[in-house]
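One structure is given here, and the rest of the page talks about it.
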Amino acid sequence: MTTQVSTTTRWARFRDSYLLYSFKRTWSAQLCLAIFLCLVLAAFMAPWLAPTNPYDLRQIDILDSELPPFWIEGAVEHYTLGTDAQGRDLLSIILYGTRVSLVIGFGAVILQAILGVTFGLLAGYLGGRVDAILMRLADIQLSFSTLMVAIVVGAVVKATLGSSFYSQYAVLMLILIIGLAEWPQYARTVRASVLAEKSKEYVDAARVMGLGSRRIMFRHVLPNTLSPVFVISTVQIANAIISEAALSFLGLGMPETHPSLGSLIKSGFDYIQSGSWWITLIPGAVLVVLVLVINLLGDWLRDVMNPRLYKG
Amino acid sequence: MSLLEVSDLDVRFALRQGEVRALRNVSFSLDRGERLGIVGESGAGKSVAAFSLLNLIASPGFIAGGSIRFDGQELTGLSDRALRKVRGNRISMIFQDPMMTLNPVLSIGEQMIECLKAHRRISHREARAIALHKLQQVQIPSPETRLDQYPHELSGGMRQRIIIAIALLLDPDIIIADEPTTALDVTIQAEIMALLLELCEKHNVGLILITHDLGVVSQVTQRMLVMYAGRVIEQGPTREIINDPQHPYTQGLMNALPQMATPGERLNQIPGSMPSLSNLPSGCAFHPRCGFVNDANGQPRRACLEQVPDFVDSGNCRVACHMVAEMLEEEQRLAKEETS
């Protein structure tokens, strides 16, 4: 019975919240969320929505390659958005590619957040030597660009375990690389707000109650530092998707047999001069829209979560 | 033996410009169910004393010497794990600002249940029942709904009641209240103090009340300490100190009360301000502000300038003042002459 009480109050609290109020009044936020949800749904329903399965080589005919999209002369009705250089249906492969990009984006951000929040919390709350070591680690990490880490890790893995191993676990590798490269963003933000929260009296009160450090850190301080974490998460998801696309474009990311949006753009780039522009531009447009709506949602969220920016 | 015995407590802060001694030779004791007031200006070391009892002084502060014996157990030098069993469980604390002491993102119930669960092996349901019972004890209207509310939904007086409920949650032996009513308005102050007094009497809980409000001290406590610049300068039964303060500083505090001033005149005040702890005057720390520093010849007493005063017994009180000591000696001499 008690859980029922708390769920109804939680729902009521959400219904009365400024978050929902602002959402109802910001058409750009509504539009962005709608587009974002459409893209996510379409991507994850790809096996049911896509006309063909681009991973199944039996369904691909090389003679169908470089067919234009439907509004251009020479289009084949069956391939709505045309085909790529290997004769794969572009619509299907974009749906599957968006799914790969989203999985890598979210996966990398979850990894970043887990590492960054934990380290930031430890550094901020414990202070002293722990703080110094963790923050210098973060500085070192930030001084390498994501691309450099990716090139080094990619090269080492390919050299030691073979490139077939790398392409088999490419999604995991990319999540790991982007996640490891960007955790300091979280660690710094969380540390800064932990330092501000730590000096508040409720922390003293929790210590006076006889609670242990771990409990105080994760139960009392962490929830108070989460709103900036939500805000940077949106930016970080967009960044991670872009990083992945950049890596794939450089040939360090997803293999062509299992393309993400970035590797699709790359594979089409060779044909852009020969007139088959759609192979590059359509996935490119999808990537731009995806990143743009996430960033716009992040901007809106930042405005809502920061009371000092309330617009009257 | 008393429940809590503090002797020669010495707390220092290691700052860049050197060590600052925040508490020097502070000694006092508290019996079960007794209520003790600690009075002094801001910066006298009252709050440091309270925090050091639970060994919660944040670095760079540390306990440099002395002992704190609670129920036969020495608290200084105890491990953090062992101390956590005392904190909240046997000695709990109430802070000044009820707006700040409750965690803004946890509901009242969650905060209370968590505190119970940290010390006892009980189920969620039992913990909730205890929390509800304590909220009823502090006379909060509709306690059941309060459990699911968040701190920002409650008024200041209500929050302070909840903080008292949390302090009582584990049936502690001692509650340390650090200026519990300073942040509240006057009518609620009286209500909260009355509630605290009633609960302490009912459950036989000892109270250490830290305040600069002599009125509250005289109503609530049985014994009191007056602190100045990190030292106890006068201690004894509250009534005797309030009625007949011995130390010039305590007299000054009493004189500074608005009731003591003639209407239409300025309030009496003690000239000057509390010295910085890193730069204490020689001898008695109060001598630059003391109106009794000169002896009968109009010359400053050398002892006041050079020597830290020891405690002398004056009736039931103990006072650290050269002037009082001199007067007592004089009285004793006269009494002796009379008998001979």
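Readers should treat all values here as calculations from the given coordinates under stated rules, not as data from a laboratory. Remember, it's a predicted structure, so these values are computed and weren't measured experimentally. Cβ placement follows ideal geometry from the backbone for every residue including glycine, while neighbour counts extend to all protein chains displayed.
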Extent of region B:33-92 along each principal axis, from alpha carbon coordinates, in Å, largest to smallest? 33, 33, 20
Separation between the A:Val76 and A:Arg129 pseudo-spin-labels, each 7 Å from Cα along Cα→Cβ, expressed in nm? 6.9 nm
For chain A, Kirkwood radius (reciprocal of mean inverse C-alpha pair distance, Å): 22.0 Å
FRET E, pair B:Asp171, A:Val289, Förster distance 45 Å, beta-carbon r, rounded to 0.05: 0.15
Electrostatic dipole magnitude of region A:202-312 [Cβ: Lys, Arg +1; Asp, Glu -1; Cα centre; debye, to 20]: 680 debye
Measure nothing fancy, just the Cα-based angle from helix A:278-305's long axis to the longest principal axis of chain A, in degrees from 0 to 90, nearest 10. 10 degrees
I need the per residue convex hull volume for region B:12-163, using only the alpha carbons, in cubic angstrom as a whole number. 156 Å³
Charge dipole magnitude, Cβ of K and R +1, D and E -1 - region B:4-228, Cα centre, debye nearest 20: 600 debye
Would you tell me the mean number of C-beta atoms belonging to other protein chains that fall within 10 Å of each C-beta in B:57-64, as a whole number? 1
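For region B:226-276, what does the alpha-carbon gyration tensor say about shape, rounded, prolate or oblate, given a ≥ b ≥ c as the root eigenvalues, a/c under 1.5 as rounded, and a/b over b/c as prolate? Spell out each step's value before the answer.
Numbers: a/c = 3.38, a/b = 1.27, b/c = 2.66.
Oblate, because a/c is 1.5 or more while a/b does not exceed b/c.
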Take the Cα atoms of chain B, find their three principal axes, and give me the spread along each one in whole Å, biggest first. 74, 50, 47
Diffusion coefficient, µm² s⁻¹, Stokes-Einstein with Kirkwood Rh over alpha-carbon pairs of the protein assembly as shown at 20 °C and 1.002 mPa s: 71 µm²/s
Prolate/oblate/rounded call for region B:184-226, Cα gyration tensor, a/c under 1.5 rounded: oblate
Helix A:128-143 axis, angle to chain A major axis (alpha carbon atoms, nearest 10°): 20 degrees
What aspartates and glutamates sit close enough to B:Lys336 to cross-link, taking a C-alpha to C-alpha distance under 17 Å and skipping anything fewer than 8 places away on the same chain? B:Glu326
Show which lysines lie in cross-link reach of B:Lys134 when reach means a straight Cα distance below 18 angstrom and same-chain residues fewer than eight apart are skipped. B:Lys117, B:Lys202
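Which number comes out as Rg/Rh for region B:76-218 once both Rg and the Kirkwood Rh are worked out on C-alpha atoms?
Taking Rg over the Kirkwood Rh, I get 0.95.
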Here the whole-number average of other chain Cβ atoms within 10 Å per Cβ of B:99-107 is 6
Cα shape, region A:208-312, gyration tensor, a/c 1.5 rule: oblate
Within region A:42-309: Cβ-based charge dipole about Cα centre, in debye rounded to nearest 20 (Lys, Arg +1; Asp, Glu -1): 1600 debye
Mind ranking A:42-50, A:254-262 by how tightly packed they are, going by the mean number of other C-beta atoms within 10 angstrom, highest first? A:254-262, A:42-50
